[in-house]
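The values are calculated or read from the model by the stated rules, or taken from the named source; none is laboratory data. Owing to the predicted nature of the structure, the values given are computational and were not obtained by experimental measurement. Cβ atoms come from the backbone with ideal geometry, glycine included; neighbour counts cover every protein chain shown. These accessible areas exclude ligands, DNA and RNA; they are computed on the full protein's heavy atoms, side chains included. Shrake-Rupley method; radii C 1.70, N 1.55, O 1.52, S 1.80 Å.
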Amino acid sequence: MNAMTKSAAEVRRAAHDHIRTPRLETPFHERLMALSEVNDWYNWAGYKAPHSLFDGELEYFALRSTAALFDISPMVKYRISGPDAERYLNRLTLRDVRKLGVNRVHYTAWCDDHGHVLDDGTLFRLAEQEFRLCCQERHLPWLLDSAIGFTVDVHEETEEIAGLALQGPTSYAVLRDAGFIDAEKLKPFDIATFPHDGGEVTISRTGFTGDLGYELFVPRAKALSLWDRLWAAGEKHAVRAIGYGALNQTRIEAGFIVANTDFITAEGALRADRVRMPDEIGLDWLVDPDKPSFNGRRAILDARRNQTLKHILVDLEIEGNIPAEHAIVYHRQKREAGLVTAAIWSPTAKRNIAIASLERPYGSRITDDLWVEIYALRELKYQKMMKRAKIVPRPFVKLARRTATPPGLK
């Protein structure tokens, strides 16, 4: 293992100090600040990030109708390389990394030894033994501890690499007009590098919106020139910058989950009953039982065999048009069955939708007569409403343009 110049204990202390420091500015902050009309910011992994820039509803429609730019620089990024990089990541994550080709991405997750999910994210294979792991939470001490016995270099590159998500039906048109030749050849989950400003930009056909879209990664020093290049090309395609509020709406429509929102990570859980196995949060399809060994394998397969899973994550369609955020789910309006983790009125699906964590057997064997308890503010008074809920397949919104190859221009 090459642990750089810091021990795992030193990394932990640095991470603790980082939490106490003022919020950092991303490489694109200068451009976002100039566009911000509402000064609506939040803390994302220590960075100042926009919840909205001008109007959340209009930002959503920009993403679904034209193209939108979203700053993903605060997303935690790790560079993992070395002779044992594939073997190390295969031991660490649920999916079989041996099946991930060079210049491809896959979605994955990783667990502790008890089979409880530590986080989910995307794994980029940049070369035969060079990877980038992107996720929600910071895991460097754990990654370094897990690297003992492997010839592998692990380091965080969150501050070194700027990231932009370009999403929406005209996102390819923006790339084309920005001069990214052959971008139309990218299939979903493909990666390619393109020349930019005397260097290179890595573009993947990935995203968190369920729409046609791309993610672009560039060294921090080239961030503003990349923004300006896309912004100029996108002017005639009505490109807009958006905040997390609009992105969150689209990810719920796509049925995507967020760590510490739709499930509590094993490291973040304060109570033993809050942790979740992959099968309890809809990630059972990631588990490759044919792999010889990976973190949590025995616990996950034992839970399946012994039928000891306690929870299930479901998608709900709810009557009415009032979002059921954080609503309690009931069976027959009497017995508590679970909790809504995310909910919106979907402008695209024209439905009231939600993601909910239910206790088994609710959601698995018992799927009928479910209700949610919603409190709506009416003339300075909260009104309690019990609304019917129906379990429906994921995703709520499925767009053909997301996977069309070559992609369309609108």
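Computed quantities for the displayed model
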| item | result |
| --- | --- |
| Residue within the range 311-324 that is touching a Gly at 6+ places or on another chain (Cβ under 6 Å) and among the polar types (S, T, N, Q) present | no |
| Selection status of Gln249, closer than 18 Å to Ser364 by Cα, open to solvent by 20 Å² or more (accessible area, probe 1.4 Å) and among the polar types (S, T, N, Q) | no |
| Failed criterion for Glu156 (all others in (1) open to solvent by 20 Å² or more (accessible area, probe 1.4 Å); (2) over 21 Å from the mean Cα position of the chain (by Cα); (3) under 24 Å from Phe70 (Cα atoms) hold) | (2) |
| Residue check for Glu325: open to solvent by 30 Å² or more (accessible area, probe 1.4 Å) and assigned to a strand (DSSP E or B) | no |
| Top-ranked residue of the range 328-338 - restricted to ones that are under 14 Å from Met385 (Cα atoms) and in a strand (DSSP E or B), ranked as most open to solvent (accessible area, probe 1.4 Å) | Ile328 |
| Number of the exception - Gly282 against (1) touching a residue at least 12 places away in the same chain (Cβ under 8 Å); (2) farther than 27 Å from Leu164 by Cβ; (3) part of a helix (DSSP H, G or I) | (3) |
| Among the residues listed as Gly234, Gly199, Gly207, Gly179, the single one being within 21 Å of the chain's Cα centre (by Cα) and modelled with pLDDT of 95 or more | Gly207 |
| Test for Thr348: is it closer than 30 Å to Thr170 by Cα, assigned to a loop (DSSP other than H, G, I, E, B), among the hydroxyl-bearing types (Ser, Thr, Tyr) and in contact with an Asp or Glu (Cβ under 7 Å, 6 or more places away or on another chain) | yes |
| Residue within the range 388-408 that is in contact with a Phe, Trp or Tyr (Cβ under 6 Å, 6 or more places away or on another chain), free of Cβ contacts under 8 Å to residues at least 60 places away in the same chain and either of a type outside the set (Phe, Trp, Tyr) or in a loop (DSSP other than H, G, I, E, B) (or both) present | no |
| From the options Ser346, Ser293, residue that is out of contact with any Leu (no Cβ under 9 Å at 6 or more places or on another chain), within 23 Å of Val275 (Cβ to Cβ), of a type in the set (S, T, N, Q) and in contact (Cβ under 8 Å) with a residue 24 or more places away in the chain | Ser293 |
| The listed residue being at pLDDT 95 or above and touching a helix residue (DSSP H, G or I) at 6+ places or on another chain (Cβ under 7 Å), out of Pro347, Pro361 | Pro347 |
| Selection count, the range 263-315, where residues are closer than 22 Å to Tyr88 by Cβ and surrounded by fewer than 15 Cβ atoms within 10 Å (Cβ to Cβ) | 6 |
| Qualifying residue in the range 183-195 (condition: surrounded by fewer than 20 Cβ atoms within 10 Å (Cβ to Cβ) and free of Cβ contacts under 8 Å to residues at least 12 places away in the same chain) | yes |
| Residue count for the range 202-244, restricted to those that are more than 15 Å from His29 (Cβ to Cβ), part of a strand (DSSP E or B) and either open to solvent by 10 Å² or more (accessible area, probe 1.4 Å) or in contact (Cβ under 8 Å) with a residue 60 or more places away in the chain (or both) | 8 |
| Residue in the range 142-163 that is of a type in the set (A, V, I, L, M) and within 30 Å of Ala400 (Cβ to Cβ) present | no |
| Enumeration of residues in the range 352-410 that are among the β-branched types (Val, Ile, Thr) and surrounded by 14 or more Cβ atoms within 10 Å (Cβ to Cβ) | Ile353, Ile355, Ile366, Thr367, Val372, Ile374, Ile391, Val392, Val397 |
